[in-house]
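Before any comments, here is the structure.
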Amino acid sequence: MAITHRRALASIVTSAILLSSIAMLGVGLVGWSNSNLLSHQRDLETTFSKNINKLNEHITFEKIWFGGTNPNKFISITVTNTGNIGLNVTEIRFVDPNDLTELFSSTIYDGGIAISESYTSEINYDWTAGSAFDILVNTNRDTLFRTQVSP
Amino acid sequence: MKNRRALSTLVGAVFFIIAASSTVAYVSYSMNVIDSFSQSVIIKESIDEARNTESFEITDAIISNNKFDLTVQNTGKLPVKLTKLWVENTTDTTWNATRFIIDQTIPPSGSVSGIGQNISLYAVDTQAYDLSLVSERGNSKTFSFNSIPNQPISINLHAAPENIANGFSTTLFMTVTNDLPTEITLLNIVPQLTMSGAASPVCDTSASPPSKPALKRGESVIFKWSCTITGSASQSSTFTASIVNGIPGNDASVTVTIQDVLLALESGTSLESLGFTIPSVNPDILIIHQETTNTPNGEYQLSSGSADSTGLTVDLDQNNMQFISNNKTSTISIPAGNWNTSLTYLSSPLDSSINTSILTNGMIFHFEDNTDPHPNSSTGTSCDNEISADIPTGTNSPLWTSNSGVYSSGGYTFDGNDYINININTSCNDLDNGPNSSAGWFYVDSTGANGRQVILRVEESNPGTEFYEIVFDKSGTVGTLHFRFDSTEGKIIDCNIANVTTDEWHHFVAVREDSENCTLYLDGDGMIDTDQDTSNPNNTILTVSGNWVIGANPNTQGGQINEFFEGQIDSIMHWEEYALTSSEALALYNTKYGDGAHVVDYTIETVDTSGQKTTIYSQLGVAMGFIDPLQDMTDFYTSGNITASIGAIDLVNERLLFTINFVDGLGIDVRIDDSDLTNPLTSFVQLPMPSTTFPGYFSYDTSSGNYQIKVANTGSVGAFFTISGIRGVFDATETEQAFASIPQYVNGTGTEFSLTDTNDSVYLPPGQSITIEFYPPTTHPSVDGQYGTSITPGDDYNFYIYLSGYDETGRTFFKTIDIGGATVY
């Protein structure tokens with residue numbers, strides 16, 4: 001009888017150990033998988049929102065005109081937010097279209113543009129009549145808009 | 001045991017449910033994200049599609065009530081909402097580009113006018129604007145109003161026809177194409193036309209159409225003007241068309257010329273009356289004609305009639321010239337003043353006794369003009385375009401004046417740091433085996449530096465030392481003239497003449513007979529020196545490779561040009577393959593390449609009807625200047641005058657006879673009767689303004705009834721005349737009266753040759769002449785002169801012939817020939 005009691009106790013203990021082990025493993029596995037899924041979900045959400053926002057960003061170069069006389073020549077650039085999301089212009093650059101060398105660069109600190117609104121920047125630049133160059137506008141979402149002009 | 005198994009299954013199931021639900025939730029979320037992203041992309045694409053398909057054009061653009069009035073049409077399939085209008089005044093650059101809110105919606109295919117009327121901006125017709133229309137979707141279109149942008153556009157101007165008769169019209173077609181590199185529509189293109197030239201055009205005040213409201217990129221518009229042009233033959237008008245407010249220089253020009261024969265010219269027909277052509281409008285100008293008919297002794301005709309197109313070159317040194325006017329019974333009074341005989345001519349390059357191989361193998365530089373590079377005027381073919389004299393610029397440039405050369409001809413003065421380069425060519429001046437001869441004039445300034453002054457030198461390039469030079473070794477007011485050459489690198493042949501004076505012109509002729517002998521002539525054969533060195537065989541070839549330098553030593557060994565000449569150098573000549581003789585050296589010295597190149601005797605006489613001559617002016621030994629024939633003995637580019645001061649005279653039934661007899665000097669070719677010459681004109685005589693036009697060589701005897709005119713077809717296409725196209729017209733110069741004749745016969749008499757409504761003339765082949773017989777002139781031209789008043793004998797008339805018909809190519813032609821003053825008795 002004593003032997004029987006020992007076997008029964010051992011079986012219970014074994015079962016308990018087995019069950020608790022399985023429970024611990026299961027909890028760990030489920031926790032890990034949920035955590036992993038949540039992480040992927042957050043990444044996906046970030047990527048999605050970033051790309052969607054970039055996709056929805058759009059500006060048009062509404063008016064670019066060349067004014068002034070030496071040595072006070074300037075270029076007035078007006079862009080309009082024609083996308084369906086607000087955007088923030090952070091940089092305007094002029095680039096030689098032939099060798100892609102940067103002719104001018106300016107960081108913009110007040111370039112926030114709401115939907116359908118315009119932003120004008122007057123840039124002092126010694127433009128040359130007939131000499132074409134590219135104007136590049138960067139947003140804080142790193143969207144690049146480009147147009148070519150010839151004074 | 002069963003209970004235990006059930007618990008395990010439960011635990012497993014719980015875990016499975018948790019894991020499965022998490023996975024399903026994640027997959028669902030992912031699907032939603034992808035769906036949302038796709039929706040965003042679709043929306044974005046639809047927006048972009050809408051933006052790209054949006055299309056509108058400005059179909060009309062004017063300024064109304066001092067404001068823009070634009071008509072915009074929606075050419076797309078979506079409604080367009082125009083939100084802004086940018087305006088930039090490109091005429092007034094102080095203007096800043098300004099934005100105006102317009103908010104105007106245009107349905108598909110619809111249009112809206114009056115855009116710009118409600119903004120606060122006032123526009124000015126005369127100023128240019130750049131306009132930019134912006135739509136809500138962000139599309140913008142730029143237009144230039146009243147102007148074009150800062151890039152030229154394609155403008156062409158054509159005239160149809162470009163050659164017209166006096167008083168006829170031509171149509172100008174101006175084609176404007178918007179070929180701008182960027183997408184800019186040009187609004188309100190207004191053409192403008194300017195005119196210049198001797199003829200007098202009267203054009204439409206505005207083009208048709210007067211403007212083009214809108215010209216899209218790639219489109220063209222044609223503007224037309226009709227212009228009536230008056231003037232005399234060969235006068236022209238140059239029309240220049242451009243765009244109002246366009247870019248300076250962005251224009252196109254066309255020249256319309258008045259020609260007597262319009263259509264016939266196109267087909268090659270040209271008609272002239274034999275012996276008579278168009279008279280000058282200036283009675284004081286008498287043209288020397290090549291015709292000699294009806295002159296007393298075969299002299300050339302002298303009349304106010306204009307020159308022929310054929311022209312004639314008279315070899316004056318072989319044929320003395322006489323030209324004579326016609327006489328008239330009424331008095332021609334000529335006031336006192338200068339009588340100027342203007343002869344257009346060219347001088348022969350050489351005296352006839354001098355070897356002419358220089359013309360094909362050599363060089364001649366008279367420096368009559370200050371041109372750079374100065375062409376070699378050898379008048380041959382081999383060296384004409386092979387070598388030239390290069391005149392340096394800056395401080396090394398010699399000073400040219402029109403009289404600083406020998407015999408007051410054009411020439412250069414070298415001030416001590418000047419020189420002229422002449423390139424080398426194997427056929428013309430590379431010396432080589434020789435023999436060679438070089439000649440020229442020089443004038444040494446006595447105040448210049450002592451020592452070697454190089455007149456000309458050519459040498460072998462470093463390290464070679466062979467050379468050929470003419471040098472004046474100055475010492476005070478005299479010097480020694482050297483002719484030296486070295487063909488053996490160290491063995492110099494030297495001909496020299498000492499005690500040559502400064503401050504006066506001298507002529508040299510340097511002859512390299514061969515590698516061992518030279519001869520130097522100074523001022524003809526007055527001073528001669530020779531040199532010979534046969535001690536060792538010399539190289540027969542004299543090798544030079546640098547430029548010829550006039551006025552300095554190129555000094556390629558030293559690397560610095562030096563030994564500059566101070567004074568004048570003129571008429572450098574070089575025979576590449578000939579040794580001039582002493583007689584030729586003398587003849588060259590005696591040739592005056594300047595004033596006195598030709599000497600003539602000049603006489604003006606009056607000749608009465610009996611042939612009695614009375615001299616009114618005579619000058620023997622008139623010196624005429626040298627006119628360099630350069631490279632073309634047929635290119636008459638300037639003229640020379642013989643002027644006489646004569647008191648007032650009256651001519652009554654007398655002629656004026658001019659005689660030019662050649663006495664001495666270079667040969668001279670005089671060009672007469674050549675209407676193609678414009679600057680200078682063909683040779684002529686200019687008198688103080690006479691009281692009346694000198695008579696031409698046409699006279700009409702009223703007692704003889706009909707009169708005849710000969711007409712020559714000098715073109716290349718034959719022609720027929722018609723009855724309706726021939727008239728003879730006498731215009732009385734001192735009254736308002738005029739008389740005219742109709743033709744009776746052409747090229748014969750009798751019915752066969754009569755000119756009627758049913759009978760045209762016989763064929764007049766090219767190069768042939770034909771006789772036209774006219775009825776007597778009356779105030780009412782008619783058969784036999786039966787109607788109207790007959791012409792009055794004794795009055796002064798200008799006589800004209802009007803000809804027309806059709807040529808062998810089926811084209812019509814017409815021409816008025818002004819015969820000039822006519823004598824009617």
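Shape analysis of region B:357-590 yields a ratio of the Cα radius of gyration to the Kirkwood radius, Rg/Rh, of 0.93. Treating each Cα of region A:1-56 as an identical point scatterer and summing with the Debye formula, the log10 of I(q)/I(0) at q = 0.24 Å⁻¹ comes to -0.88.
Using the empirical formula 2.2 N^0.38 Å as the baseline, the Cα radius of gyration of region B:505-557 reaches a ratio of 1.39.
Taking a straight Cα-Cα cut-off under 27 Å and skipping sequence neighbours fewer than 8 places away in the same chain, the lysines within cross-link reach of residue B:710 are B:328, B:815. Around the Cα centre of region B:314-435, unit charges on the Cβ atoms of Lys, Arg, Asp and Glu (plus for the first two, minus for the last two) sum to a dipole of about 680 debye. The largest accessible area among B:610, B:206 belongs to the first residue in B:610, B:206, and the rest follow in falling order (1.4 Å probe, all chains).
Remark on chain B: all cysteines pair up, each with another cysteine beta carbon under 4.7 Å.
Largest to smallest in accessible area, the residues B:756, A:14, A:60 fall in the order A:14, B:756, A:60 (1.4 Å probe, all protein chains included).
Measuring only protein heavy atoms, the 1.4 Å probe finds residue A:61 accessible over about 40 Å².
Counting Cβ atoms of other protein chains within 10 Å of each residue's Cβ and taking the mean over peptide B:18-30 gives 4. A Cβ-based charge dipole, computed about the Cα centre of region B:56-145 with Lys and Arg at +1 and Asp and Glu at -1, lands at about 360 debye. Computed 3J(HN,Hα) for region A:89-102, one whole-Hz value per residue from the Karplus formula 6.51 cos²θ - 1.76 cosθ + 1.60 where θ = phi - 60°, is 6, 10, 7, 10, 10, 10, 10, 5, x, 8, 10, 6, 6, 7, glycine and proline marked x. Taking amide H as placed 1.01 Å from N in the peptide plane, the amide H of residue B:303 sits under 5 Å from that of B:287, B:289, each at least 5 places away or on another chain.
Per-atom-type breakdown for region A:1-56 gives carbon and sulfur 70% of the accessible area (1.4 Å probe, protein chains only). Within 10 Å of the Cβ of each residue in B:336-347, the mean number of Cβ atoms contributed by other protein chains is 0.
The alpha carbon convex hull volume per residue for region B:56-145 rounds to 79 Å³.
Among residues other than residue B:87 with Cβ under 9 Å from its Cβ, the summed charge is -1 (Lys and Arg +1, Asp and Glu -1). Note on residue B:535: accessible area is roughly 80 Å² with a 1.4 Å probe, heavy atoms of protein only. Accessible area per residue for the protein assembly as shown, computed on protein heavy atoms with a 1.4 Å probe, is 44 Å². Think of the protein assembly as shown as a dipole: +1 on every Lys or Arg Cβ, -1 on every Asp or Glu Cβ, centred on the Cα centre; then among B:626, B:753, B:518, B:753 lies furthest on the positive end. Rolling a 1.4 Å probe over the protein heavy atoms leaves residue B:749 with an accessible area of roughly 90 Å². Once the Kirkwood radius over Cα pairs is known for region B:154-259, the Stokes-Einstein relation at 10 °C and 1.306 mPa s delivers a diffusion coefficient of 113 µm²/s. The helix-based estimate of mean residue ellipticity at 222 nm for chain A, built from -39,500 (n - 2.57) per DSSP H run of four or more residues and divided by its residue count, is -13500 deg cm²/dmol to the nearest 500. Relative to the longest principal axis of the Cα atoms of chain B, the long axis of helix B:2-53 lies at roughly 30 degrees. Distance from the C-alpha centroid of region B:73-128 to that of region A:83-137: 25 Å, rounded to the whole angstrom. Remark: region A:58-149 is approximated by an ellipsoid whose semi-axes, taken from the C-alpha gyration tensor as √(5λ), come to 23, 14, 11 Å, largest first.
Each of B:821, B:783, B:794 was scored by the projection of its Cα onto the charge dipole of region B:772-822, and the greatest displacement toward the positive side belongs to B:783; charges sit on the C-beta of Lys, Arg, Asp and Glu. Put simply, when B:321-333, B:625-637 are sorted by average Cβ atoms within 10 angstrom per residue, most first, you get B:321-333, B:625-637.
What the pair-distance distribution of the protein assembly as shown shows, using all Cα-Cα distances binned every 20 Å from zero, is 10, 22, 21, 24, 13, 5, 3, 2, 0, 0 percent. Given the pairs B:84/B:141; B:77/B:141; A:50/B:44; B:474/B:592; B:81/B:212; B:81/B:141, which are separated by over 20 angstrom at their Cα positions? Table pairs above 20 Å Cα-Cα are B:474/B:592; B:81/B:212. Peptide A:61-68 has a mean of 6 when you count, residue by residue, the C-beta atoms of other protein chains within 10 Å of its C-beta.
Taken over region B:8-125, the convex hull of the Cα atoms encloses 159 Å³ per residue.
For chain B, the 222 nm mean residue ellipticity estimated from helices alone, with every DSSP H stretch of n ≥ 4 adding -39500 (n - 2.57) and the total spread over all residues, rounds to -3000 deg cm²/dmol. The alpha carbons of chain B stretch over 159, 101, 51 Å along the principal axes, in descending order. Size descriptors for region A:1-127 (Cα atoms only): Rg and Dmax, in that order, 33.0, 114 Å. The residues B:112, B:478, B:685, sorted by heavy-atom accessible surface at 1.4 Å with ligands and nucleic acids left out, run B:478, B:112, B:685 from largest to smallest.
Using Cβ point charges alone (K and R +1, D and E -1), the dipole size of chain B about the Cα centre works out to roughly 5820 debye. From the largest down, region B:695-824 spans 42, 28, 21 angstrom on the principal axes of its Cα atoms. Using a Gaussian network model of chain A with C-alpha springs under 10 Å, which one of A:141, A:42, A:93 is most mobile by mean-square fluctuation? Largest GNM mean-square fluctuation: A:42.
With just the Cα atoms defining each centre, how far is region B:446-473 from region B:326-396? Give it in Å. Going from one Cα centre to the other spans 30 Å.
The values are calculated or read from the model by the stated rules, or taken from the named source; none is laboratory data. Because the structure is a prediction, the values reported are computed rather than measured. So basically every Cβ, Gly included, is an ideal-geometry build from the backbone, and we count neighbours across all protein chains shown. These area figures cover heavy atoms from the full protein model, side chains too; ligands, DNA and RNA do not enter into them. Shrake-Rupley method; radii C 1.70, N 1.55, O 1.52, S 1.80 Å.
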